[in-house]
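The values are calculated or read from the model by the stated rules, or taken from the named source; none is laboratory data. None of the values given here were measured: they were computed from a predicted structure. A quick note on method: Cβ atoms are made from the backbone with ideal geometry, for glycine too, and the neighbour counts reach across all protein chains shown.
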Amino acid sequence: GENVEQHPSTLSVQEGDSAVIKCTYSDSASNYFPWYKQELGKRPQLIIDIRSNVGEKKDQRIAVTLNKTAKHFSLHITETQPEDSAVYFCAASIPGNTGKLIFGQGTTLQVKP
Amino acid sequence: SAVISQKPSRDICQRGTSLTIQCQVDSQVTMMFWYRQQPGQSLTLIATANQGSEATYESGFVIDKFPISRPNLTFSTLTVSNMSPEDSSIYLCSATGGAYGYTFGSGTRLTVV
């Protein structure tokens, strides 16, 4: 079945620097790849997503890139701010129009002021 | 995207008892799911809540332990039965209108003592 690997597990950057989180997936039929941000004690919030017919998507300081050939996708955060500190999860859709997602292990991002 | 209300937000339960968690969506959604998030871990899909029929469970989860109901398109319940300390987790419901735009409920933090 589908498997999603996420790296790194922890990431510490200085405020203003960029942060990159990478995920790989196993099933080439996956076609939807969302990213979630989860602050301590809160629900996961969708921050950006990408579909398999698109290579890159941007939303202000956040961007996601997808390489279907290599089966990996990445989250890029530029000009990081302390409020970006959270746990970030990538996910991939399970093929078959099930609506189901499988999540990566999560990355704890710390942005130091 | 849909707004999801989930209750209770937290509970402390005695082992051997059961807890029913409710999930209410503010609009009709095609798919509803239940996830478990163990402390410091990622999200694991428990089951798909099917409207008017039995839920579809993922590997490792069974109906006797996690009975699920979905009587209509906006409401679902998850029961954690015969609880043990290993069931201590955050339980999250999620919903999508079919375009993979997942929204999560606020979660139920369960502690079993």
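Output yes when any residue across segment A:55-63 is aliphatic (A, V, I, L, M), within 30 Å of B:Arg109 (Cα to Cα) and touching an Asp or Glu at 6+ places or on another chain (Cβ under 7 Å), and no when none is. No: segment A:55-63 contains no residue that is aliphatic (A, V, I, L, M), within 30 Å of B:Arg109 (Cα to Cα) and touching an Asp or Glu at 6+ places or on another chain (Cβ under 7 Å). Where residues in segment A:75-110 are touching a Gly at 6+ places or on another chain (Cβ under 8 Å) and at positive phi, which of them is nearest to the other protein chains (Cβ to nearest Cβ)? Residue satisfying both the conditions and the ranking: A:Gly99.
Examine segment B:65-73 for a residue that is at positive phi and at pLDDT below 95, and state whether such a residue exists. Looking through segment B:65-73, none of the residues is at positive phi and at pLDDT below 95. The set of residues from segment A:65-86 being polar (S, T, N, Q) and not in a strand (DSSP E or B) comprises A:Thr69, A:Thr78, A:Thr80, A:Gln81, A:Ser85. Screening the candidates A:Ser85, A:Ser18, A:Ser9, A:Ser28 for the property of being within 29 Å of B:Arg109 (Cβ to Cβ) and loosely packed, with under 13 Cβ neighbours inside 10 Å yields one hit, A:Ser9.
Take the conditions (1) surrounded by fewer than 17 Cβ atoms within 10 Å (Cβ to Cβ); (2) farther than 20 Å from A:Pro44 by Cβ; (3) modelled with pLDDT under 95; B:Pro39 misses just one of them, which is (2). Scan segment A:29-58 for residues that are part of a loop (DSSP other than H, G, I, E, B) and facing chain B (nearest Cβ under 8 Å) and the total you get is 3. For segment B:57-75, give me each residue that is more than 14 Å from chain A (Cβ to nearest Cβ) and over 12 Å from B:Cys23 (Cα atoms). Passing the criteria: B:Val62, B:Ile63, B:Asp64, B:Lys65, B:Phe66, B:Pro67. Going through (1) more than 10 Å from chain A (Cβ to nearest Cβ); (2) surrounded by fewer than 21 Cβ atoms within 10 Å (Cβ to Cβ); (3) in contact (Cβ under 8 Å) with a residue 40 or more places away in the chain; (4) not basic (Lys, Arg) one by one, B:Glu54 falls short only on (3). Of the set (1) small (Gly, Ala, Ser); (2) away from chain A (no Cβ under 14 Å); (3) loosely packed, with under 15 Cβ neighbours inside 10 Å, all apply to B:Ser81 but (3).
Summed over segment A:87-100, the residues that are outside any strand (DSSP E or B) and not small (Gly, Ala, Ser) give a count of 5. Among the residues of segment B:26-41, the ones that are touching a residue at least 40 places away in the same chain (Cβ under 8 Å) and within 14 Å of chain A (Cβ to nearest Cβ) come to 11 in all.
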